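The values are calculated or read from the model by the stated rules, or taken from the named source; none is laboratory data. The model shown is predicted, which means the values in this text are computed figures rather than measured ones. Glycine gets a Cβ as well: all are built from the backbone with ideal geometry, and neighbour counts include every protein chain shown.
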């Protein structure tokens with residue numbers, strides 16, 4: 001029977017109608033998918049697109065983007081939840097903690113709302129009492145060039161509302 005593994009990460013099995021082994025399709029049981037046909041987006045539960053398995057933004061069954069990673073101060077946000085907002089939209093919630101904070105509770109909330117066929121909105125919310133300066137990177141490979149905020153961004157307390165910006169092309 002099947003189950004043989006060859007190579008480093010590509011599981012294969014012997015086809016019933018052929019003696020040649022073939023690669024298995026990636027498992028999708030832990031993938032978060034939002035759909036607005038003919039477009040859809042698929043990612044892991046943390047919302048990052050690392051170019052692995054079936055992750056990406058698709059249109060008409062063609063993958064348009066396979067990698068899109070958000071970094072805050074050179075670290076990935078720590079995921080704490082995922083919430084479907086409908087078949088076409090999903091919210092990923094994460095936190096960004098500071099090692100020098102006087103509290104163990106996170107003070108920066110990261111919210112990514114992904115909409116199939118329409119992209120993604122990222123909102124950073126500081127719920128702490130101190131202002132923060134962040135280096136925010138959103139990275140994707142060519143042909144889409146890396147984007148980042150023009151300068152480190154001051155994040156104000158939540159009383160001034162969520163921080164929103166349009167990243168400039170660099």
Of residues in region 32-43 being surrounded by 15 or more Cβ atoms within 10 Å (Cβ to Cβ) and touching a strand residue (DSSP E or B) at 6+ places or on another chain (Cβ under 7 Å), the one farthest from residue 78 (Cα to Cα):
39
Tell me, which residue of region 66-88 that is in a loop (DSSP other than H, G, I, E, B) and surrounded by fewer than 15 Cβ atoms within 10 Å (Cβ to Cβ) is modelled with the highest pLDDT?
87
For a quick check of your reading of the model, give me the residue pairs whose first member lies in region 43-66 and is at positive phi and in contact (Cβ under 8 Å) with a residue 60 or more places away in the chain, whose second is surrounded by 15 or more Cβ atoms within 10 Å (Cβ to Cβ) and in a loop (DSSP other than H, G, I, E, B), with beta-carbon atoms closer than 8 Å and at least 6 apart or on different chains.
51/66
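Can you give me the ranges of the strands (runs of 3 or more DSSP E) entirely in region 89-162 with at least 2 residues that are surrounded by 15 or more Cβ atoms within 10 Å (Cβ to Cβ), modelled with pLDDT of 90 or more and touching a helix residue (DSSP H, G or I) at 6+ places or on another chain (Cβ under 9 Å)?
On the way: elements: 89-96, 108-115, 119-126, 132-134, 136-139, 153-155.
Output list reads 119-126.
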